[in-house]
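Here, each number is a calculation from the coordinates, and none is a lab measurement. If you're wondering where the values come from, they're calculated on a predicted model, not measured in any experiment. Backbone-built Cβ (ideal geometry, glycine too); neighbour counts: all protein chains shown.
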Amino acid sequence: MVIPSFCTTFLGSCVLVLAVCRSAAGGASWTYTGDHGQEHWPDSFPDCGGTSQSPINLKTWNAVHDGSLPPIQPVGYRTPDDSTFTLANNGHTVKLSLPSSMRLIGLPNNYTAAQLHLHWGSEEHPGGAEHYIDDQEYPAELHIVHYNSDAGKINDVKDKPNGLAVLGILIATGPRSNPGFANIINHLGRVSYAEQSVPIPSFNIEDLLPSNLDRYFRYSGSLTTPPCSQSVVWTVFSNPVQISESQMETLRTTLHSTPMNRPPAVLENNVRHIQPVNYRTVYVSFVMEKGLSAGKFLLFFITSSM
Ligand SMILES: [Zn+2]
């Protein structure tokens, strides 16, 4: 007997609804605002109330220069092993799975790529990056997540100290379309609703990175979403990448945080608030901004004394 397609769809919806209910009953659901919003995350996820949380405001003048920090060297980013990547809307972000042939050199351990995803704002609140640099808020941020493959599989290490290494790439807007980001943004309409996923052609992930991989901030922090595990070696590049206003608009308006069979809600403002730095030291791989900051201060001092 062949089950008519509408029955298959109907049964599929039932499974989906049950899965969502079970998640809510287990206390594992979370949102950015409202009853399960970020102020309430520590109630269900204690690490979210920890003292080494992310994101933070990266302050050049307060960062410690570490001349031993080498340039980040991506390996296997240019020609990924897989011919396709899986693009998925998980209701919190859009996520691209990455092959284990991609890894990083320039960190104390071998870190293997797992996935990348984005954070963004909305038309009303265009500041959508999670990290700030010197109080400056960018429109969006890309996170490329890697795990310490010397220590085990991702599920073994994702909540352990230094278990993850995340590259943070700040995204600005400008007049020109970014062909690297077009590889993702042009497919967003195919995962418009939560829990949808599609294969997309693989592409050169280095095209998503800024030009100066030797200029970055380094600090110990956390996942910026529950369970907020304090397991992340953060590398946030000081130079943003640029996408067009039109690409940013597509990112802000195409996705929903809700599955197809529920009342639609736009997926926007998936941004955690800035967290206290507390006792942590933020290291910086370069010196020029510190020199400029000192120069600006000197200029201010001279002109205000005249
Ligand atoms: Zn993220």
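Some values worked out for this structure:
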item: Net +/- balance of residues flanking residue 147 in space, Cβ distance below 9 Å, scoring K and R +1, D and E -1; result: +1
item: Dipole magnitude of region 30-300 about its Cα centre (Cβ charges: Lys, Arg +1; Asp, Glu -1), debye to nearest 20; result: 460 debye
item: Rounded FRET efficiency, nearest 0.05, which uses the C-beta distance separating residue 176 from residue 110 and R0 of 41 Å; result: 0.70
item: Efficiency of FRET between residue 160 and residue 253 - r from beta-carbon atoms, R0 35 angstrom, step 0.05; result: 0.40
item: Full-stretch length increase - residue 122, residue 280 - with 0.36 nm per residue and alpha-carbon distance subtracted; result: 53.8 nm
item: Spin-label pair residue 192/residue 266, simplified geometry with 7 Å Cα→Cβ offset, distance in nm; result: 1.4 nm
item: Beta bridges by DSSP in region 30-300, antiparallel share as percent, to the nearest 5; result: 75 percent
item: Stokes-Einstein D (µm²/s) once Rh is taken as the Kirkwood radius of region 152-251 over alpha-carbon pairs, at 10 °C in 1.306 mPa s; result: 102 µm²/s
item: Residues of type aspartates and glutamates that residue 160 reaches as a straight line, Cα spacing below 15 Å, ignoring anything fewer than 8 places off in the same chain; result: 47, 150
item: Only Lys, Arg (+1) and Asp, Glu (-1) charged, at Cβ; region 84-161 dipole about Cα centre in debye; result: 640 debye
item: Residue exposure sequence - 143, 36 - by fewest surrounding Cβ within 10 Å; result: 36, 143
item: Cβ-based exposure ranking for 145, 287, in which fewest neighbours within 10 Å come first; result: 287, 145
item: Residue 81 versus residue 287: modelled label distance in nm, points set 7 Å from Cα along the beta carbon direction; result: 4.2 nm
item: Residue (of 200, 263, 236) at the positive-pole extreme of region 185-272, dipole from beta-carbon charges; result: 263
